């Protein structure tokens, strides 16, 4: 709950005075102190560490109740594991910061063939509290208060849009975590119904600078439908129209993520197709600055992957092609690959190859 929701709730349902409820809420987020009338956040069950060129990458695991998930019932599971990643960053001033990659679901229904989480299928969505407690664990259990939060962990955030919005509302509450909304990014495969809902939310006071990242990952519908089943219901032309209308404020950029898979989406002609897709979106820019940036992500092999990671020469060559065609492109540096904590690698190897939930087409 946000502060304004919690204080009257505590007074009404828990019999806690206003001053005590106010103090308990602020202390929970600011110092990590848990009042005796609050349920404690889930403990950190395990932490994996890997050195990177900017510091230690930490992947940590928390357990959440299995709930009434049919899959959890078949597994006779009482709890499920969520995975989150703390990623070290060195800023332009040389100071060290951390980005927290949070999960919004256990598993995922989207079925992307290059993603480890997708091989689990969707088990269940996380509640707002289960999302927020990942921030609490990073800040107070592990001692690294994140400067940025990215919804790029397990799950499709827009498949759990209402709970994601509630979680963000708590994270940006000035009486709680007090995260600037401009430091939060929601990443999606491009669910059009979820994008419509999120676009509405951006008109709420204090929300307009929330960042959006869309997993493009392909130059055309044929390739995208092969590796991202959602494209069969929500193809690239419809996605492009949505992004052309997307509100961008204060010099912000739409981030188009492109996982580079050797021999799949880096073939001759692919860079030109991407350039045309981006150019149409950039025509809606209010100034000469491009609206879009391509975030080129070297593929991180999932378990039993049919593809290898791309070589540096392949990445550099594709980046060069995009830049030559006028595309604003950046490369995401790989961190956490060895501990299965890099982009597309989160998920349990014990829950694999389940029947995927069908992707529904928005009305």
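The values are calculated or read from the model by the stated rules, or taken from the named source; none is laboratory data. Computed from a predicted model, the values in this text were never measured in an experiment. Every residue, glycine among them, receives a Cβ derived from its backbone with ideal geometry; neighbour counts consider all protein chains shown.
Could you go through the stretch 306-318 and let me know if any residue there is at pLDDT below 75 and in the same structural domain as residue 105 (by TED's automatic domain parsing).
No, because not a single residue in the stretch 306-318 is at pLDDT below 75 and in the same structural domain as residue 105 (by TED's automatic domain parsing).
Out of all the residues in the stretch 156-171, is one or more at pLDDT 95 or above, closer than 25 Å to residue 58 by Cα, part of a loop (DSSP other than H, G, I, E, B) and in contact with a strand residue (DSSP E or B) (Cβ under 7 Å, 6 or more places away or on another chain)?
Within the stretch 156-171 (the criterion being at pLDDT 95 or above, closer than 25 Å to residue 58 by Cα, part of a loop (DSSP other than H, G, I, E, B) and in contact with a strand residue (DSSP E or B) (Cβ under 7 Å, 6 or more places away or on another chain)), the answer is yes, since at least one residue qualifies.
Among the numbered conditions (1) closer than 30 Å to residue 108 by Cα; (2) more than 22 Å from the chain's Cα centre (by Cα); (3) at pLDDT 95 or above, tell me where residue 323 comes up short.
Tallying (1) closer than 30 Å to residue 108 by Cα; (2) more than 22 Å from the chain's Cα centre (by Cα); (3) at pLDDT 95 or above, residue 323 fails exactly one: (1).
Going through the stretch 143-173 one residue at a time, which ones are touching a residue at least 60 places away in the same chain (Cβ under 8 Å) and more than 18 Å from residue 199 (Cα to Cα)?
Matches in the stretch 143-173: 144, 146, 152, 153, 154, 170, 173.
Just checking: which of the helices (runs of 4 or more DSSP H) contained wholly in the stretch 196-291 hold 1 or more residues that are assigned by TED's automatic domain parsing to the domain that holds residue 115, in contact (Cβ under 8 Å) with a residue 60 or more places away in the chain and under 28 Å from residue 306 (Cβ atoms)?
Here the list reads 221-227, 230-233, 270-282.
Restricting the search to the stretch 308-319, which residues are more than 23 Å from the chain's Cα centre (by Cα) and part of a loop (DSSP other than H, G, I, E, B)?
The answer is 308, 311.
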